[in-house]
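Encoded as structure tokens, the structure appears first; notes follow it.
The values are calculated or read from the model by the stated rules, or taken from the named source; none is laboratory data. Computed from a prediction, not measured in an experiment: that's the story for all the values here. Cβ: placed from backbone, ideal geometry, glycine included. Neighbour counts: every protein chain shown.
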Amino acid sequence: MASHDYLDDADSVAEFYALTLLAATGMTLMAAANSLVTVFISLELASLPSYVLVSYLKRDRGSIEAGLKYFLIGALSSGVMLYGISLVYAATGVMGLPAIADTITAGTDFVGVLGLGIVMLVAGFAFKTASVPFHFWAPEAYEGAPAPVSAFISSASKAAGFAVLFRVFTTAFPLDVIAGTVIDWSLLFAALAVVTMTLGNFAAATQENVKRMLAYSSVGHAGYVLIGLAALQSGGGAQNSLVLGASMMHLLVYGFMNTGAFLFVALAEYWDVGRTFEDYNGLSKRAPVACVAMTVFMFSLAGLPVGAGFLSKYVLFAGAVQSGFAWLAGIAAINSALSLFYYSRVVKALWIEDPRDDLSLSGQPTGLYVAVLAAAVGTIALLVAFDPVAQTATHAADVLFAG
């Protein structure tokens with residue numbers, strides 16, 4: 001819907017929608033994968049069209065460079081992941097996720113090989129989810145890509161990456177089996193969560209470009225979601241389902257908030273407003289409804305109680321505390337407080353600063369407007385209907401742990 005207006009005068013529109021559907025198909029298969037082979041193929045099916053979508057603006061040097069960097073780094077990460085899969089296969093002799101867990105339970109003579117394979121898998125997934133230190137492609141790709149593509153990759157692609165990450169590590173490498181014998185990957189994810197949320201938020205706070213700020217913000221939110229894996233415990237039972245379900249719930253809420261924010265940027269680009277905070281000065285005087293929606297996104301991303309971001313963060317951090325990771329929840333809360341600084345800069349520019357003299361909004365992009373408002377309604381609706389959706393997420397986590 002948003003792309004219809006944004007790409008109104010662009011070439012190869014049919015190819016754009018075909019690539020988007022192809023990437024969406026890969027993301028759907030990622031969530032349903034039950035074998036490392038299927039995991040890798042579905043990841044590539046989602047990634048290859050994404051490289052092309054990022055470089056879709058063929059006459060824009062920034063878009064082409066972003067797509068090329070995304071492709072080169074993505075190819076490297078795919079090689080790392082494939083090598084990790086080969087090491088896991090060498091150590092276990094199987095590719096199915098439940099079969100890998102059974103083999104580890106029975107015992108393997110190649111514990112070191114298996115441990116190295118798991119670490120390389122973590123590195124591959126860290127790239128797909130834009131987690132530190134494999135996040136460096138994200139700011140370039142999100143800034144250079146068409147804004148609707150940035151919304152798609154930063155939300156849908158990240159959610160699919162975490163979905164398959166949850167599935168692989170809870171099914172193939174359950175902590176009850178692997179902790180103390182091969183590698184305690186929950187500690188690895190705890191370290192990743194801390195550096196990802198901290199670097200992402202501090203980098204976002206230094207940006208002057210709104211699109212790059214949202215890109216680094218996306219990195220920070222990846223750190224929050226990683227808490228769902230970091231706070232898992234061997235024999236955690238229902239508590240594990242609660243904290244992993246909280247991560248899933250935050251992913252859902254984040255999808256609405258982040259997509260809406262990037263689509264607002266698309267709206268600003270459609271009007272040739274510019275990309276810096278100063279370019280947004282006084283925009284509420286010309287587009288008040290859209291600016292109200294952007295305010296909801298910003299405050300909800302920061303964790304204020306105007307949208308579901310408040311409850312999703314609260315439940316996630318509370319779950320970490322209940323699992324014995326109060327220190328991790330404390331670091332996350334500090335980072336969330338820091339994020340209010342840069343999110344509020346957008347709100348300040350929209351509502352408090354005086355409008356520019358040359359600010360003139362031409363055109364009525366109905367599709368973009370509707371998409372932005374739909375994301376805002378979804379963000380608020382999830383706050384109202386949080387409990388039933390959260391229960392569904394917890395049940396989904398139960399199913400994952402059941403195998």
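I'd like the full set of residues that are of a type outside the set (S, T, N, Q) and surrounded by fewer than 20 Cβ atoms within 10 Å (Cβ to Cβ), limited to segment 348-364.
If the condition is that a residue be of a type outside the set (S, T, N, Q) and surrounded by fewer than 20 Cβ atoms within 10 Å (Cβ to Cβ), then LYS348, TRP351, ILE352, GLU353, ASP354, PRO355, ARG356, ASP357, ASP358, LEU359, LEU361, GLY363 are the ones that fit.
Output the residues belonging to segment 259-282 that are part of a helix (DSSP H, G or I) and either buried (at least 24 other Cβ atoms within 10 Å of the Cβ) or of a type in the set (A, V, I, L, M) (or both).
Once the filter is applied, which keeps residues that are part of a helix (DSSP H, G or I) and either buried (at least 24 other Cβ atoms within 10 Å of the Cβ) or of a type in the set (A, V, I, L, M) (or both), segment 259-282 yields THR259, GLY260, ALA261, PHE262, LEU263, PHE264, VAL265, ALA266, LEU267, ALA268, TYR280.
What's the total number of residues in segment 73-125 that are free of Cβ contacts under 8 Å to residues at least 40 places away in the same chain, at negative phi and of a type outside the set (A, V, I, L, M, F, W, C)?
10
Results for (1) touching a helix residue (DSSP H, G or I) at 6+ places or on another chain (Cβ under 7 Å); (2) β-branched (Val, Ile, Thr); (3) at pLDDT 90 or above, shown as yes or no for each residue.
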{"residue": "TYR51", "(1), (2), (3)": "yes, no, yes"}
{"residue": "SER78", "(1), (2), (3)": "yes, no, yes"}
{"residue": "SER86", "(1), (2), (3)": "no, no, yes"}
{"residue": "VAL94", "(1), (2), (3)": "yes, yes, yes"}
{"residue": "ILE100", "(1), (2), (3)": "yes, yes, yes"}
{"residue": "THR103", "(1), (2), (3)": "yes, yes, yes"}
{"residue": "GLY112", "(1), (2), (3)": "no, no, no"}
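Any residue at all in segment 184-193 that's under 27 Å from TYR342 (Cβ atoms), in contact with a strand residue (DSSP E or B) (Cβ under 9 Å, 6 or more places away or on another chain) and assigned to a helix (DSSP H, G or I)? Break it down into steps so the answer makes sense when it comes.
Residues of segment 184-193 that are under 27 Å from TYR342 (Cβ atoms), as a first pass: 189-193.
From the residues that got through so far, the ones that are in contact with a strand residue (DSSP E or B) (Cβ under 9 Å, 6 or more places away or on another chain) too are none.
Among the residues of segment 184-193, not one is under 27 Å from TYR342 (Cβ atoms), in contact with a strand residue (DSSP E or B) (Cβ under 9 Å, 6 or more places away or on another chain) and assigned to a helix (DSSP H, G or I), which makes the answer no.
Quick one: count up the residues across segment 339-365 that are within 18 Å of ALA222 (Cβ to Cβ) and over 19 Å from the mean Cα position of the chain (by Cα).
Total meeting the criteria: 0.
For the structure I just gave you, tell me whether SER323 is closer than 21 Å to HIS221 by Cβ and more than 23 Å from the chain's Cα centre (by Cα).
Yes; evaluated as a whole, the condition is true for this residue.
In the list ALA375, ALA397, ALA402, ALA371, which residue meets the criterion of being out of contact with any Lys or Arg (no Cβ under 7 Å at 6 or more places or on another chain) and surrounded by fewer than 22 Cβ atoms within 10 Å (Cβ to Cβ)?
ALA402
Would you point out the residue of segment 131-153, among those that are in contact with a Ser or Thr (Cβ under 6 Å, 6 or more places away or on another chain) and under 25 Å from ALA190 (Cβ atoms), that is surrounded by the most Cβ atoms within 10 Å (Cβ to Cβ)?
Here the residue is SER131.
Are any residues in segment 1-32 within 24 Å of TRP271 (Cβ to Cβ), assigned to a helix (DSSP H, G or I) and without any contact (Cβ under 8 Å) to a residue 12 or more places away in the chain, and if so, which ones?
Listed by number, the list holds a single entry, VAL13.
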